[in-house]
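Trainee: Have a look at the structure that comes next, please.
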Amino acid sequence: MSFHSIALLNVNRDPAQRRVRLGYIWYTCIMLVLLAFALLANVLMGQLMWIDNRNYPGGPIQYFTDKSTIWFNILGSATDILGDFMSNGLLVGPKHLISNLTYANSQIYRCYMIWNRNWRIIVLPSIMYIASDGMSINRLHAQECCLIKLT
């Protein structure tokens, strides 16, 4: 889907939109790398847990409990959360998402404009965005607490 999006962004050759298109292309590439790393970390942990160490005392679940704080699993979770922030930020975030590289016409801003600049309309979507990011931070914090507790 990323490559198809990039191809569609390159169809429009309007010079006035060049900066916006390049911003979206970079944004797409960064998200693709982050989420690919998160997927690879999960696949590696799954292989270690279910295949390589299936005879671990207590089984695969105990292996995961004991080894869930391994560096690539934590980094995989962090990249997954960062990708989640970026995807939510693309829908909700400010006009300048990554410095001045991309302009995101956010869904909440569109909703705000469609409803005649009534700020009460965007309260619930904004709260949902903040709650989603808060839960992601909470998940990463819980993993860090396990790492501290086990060491």
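Trainee: Does Thr69 qualify as being assigned to a loop (DSSP other than H, G, I, E, B) and surrounded by 15 or more Cβ atoms within 10 Å (Cβ to Cβ)?
Mentor: The answer is yes for Thr69.
Trainee: Condition first: of a type outside the set (Val, Ile, Thr), surrounded by fewer than 14 Cβ atoms within 10 Å (Cβ to Cβ) and at pLDDT 90 or above. Now tell me which residues in the range 40-57 satisfy that.
Mentor: The answer is Leu40, Gly46, Gln47, Trp50, Asp52, Asn55, Pro57.
Trainee: Now for a different question. Would you confirm, using the coordinates I've provided, whether Ile61 is modelled with pLDDT under 90, in a helix (DSSP H, G or I) and more than 18 Å from the chain's Cα centre (by Cα)?
Mentor: Here the answer is yes, as Ile61 does meet what is asked.
Trainee: Within the range 17-37, is there a residue that is out of contact with any helix residue (DSSP H, G or I) (no Cβ under 8 Å at 6 or more places or on another chain), outside any helix (DSSP H, G or I), modelled with pLDDT under 85 and surrounded by fewer than 13 Cβ atoms within 10 Å (Cβ to Cβ)?
Mentor: No: the range 17-37 contains no residue that is out of contact with any helix residue (DSSP H, G or I) (no Cβ under 8 Å at 6 or more places or on another chain), outside any helix (DSSP H, G or I), modelled with pLDDT under 85 and surrounded by fewer than 13 Cβ atoms within 10 Å (Cβ to Cβ).
Trainee: Give the residue that is modelled with the lowest pLDDT, with candidates limited to residues of the range 65-102 that are charged (D, E, K, R) and farther than 20 Å from Val33 by Cβ.
Mentor: Lys95
Trainee: Now a separate question. Say whether the condition of being farther than 21 Å from Ser87 by Cβ and either more than 21 Å from the chain's Cα centre (by Cα) or touching a residue at least 40 places away in the same chain (Cβ under 8 Å) (or both) is met by at least one residue in the range 28-35.
Mentor: So far as the range 28-35 goes, no, none of its residues is farther than 21 Å from Ser87 by Cβ and either more than 21 Å from the chain's Cα centre (by Cα) or touching a residue at least 40 places away in the same chain (Cβ under 8 Å) (or both).
Trainee: Also, quick follow-up: Determine whether Asn116 is modelled with pLDDT of 70 or more, in contact with a helix residue (DSSP H, G or I) (Cβ under 7 Å, 6 or more places away or on another chain), over 28 Å from Gly23 (Cα atoms) and among the polar types (S, T, N, Q).
Mentor: no
Trainee: Can you work out which of the residues in the range 1-16 that are more than 26 Å from Gly76 (Cβ to Cβ) and of a type in the set (Gly, Ala, Ser) is surrounded by the most Cβ atoms within 10 Å (Cβ to Cβ)?
Mentor: Once the filter is applied, the top-ranked residue is Ala7.
The values are calculated or read from the model by the stated rules, or taken from the named source; none is laboratory data. Just so you know, these numbers come straight off a predicted model, no measurement behind them. Neighbour counts run over all protein chains shown; Cβ positions are idealised from the backbone, glycine included.
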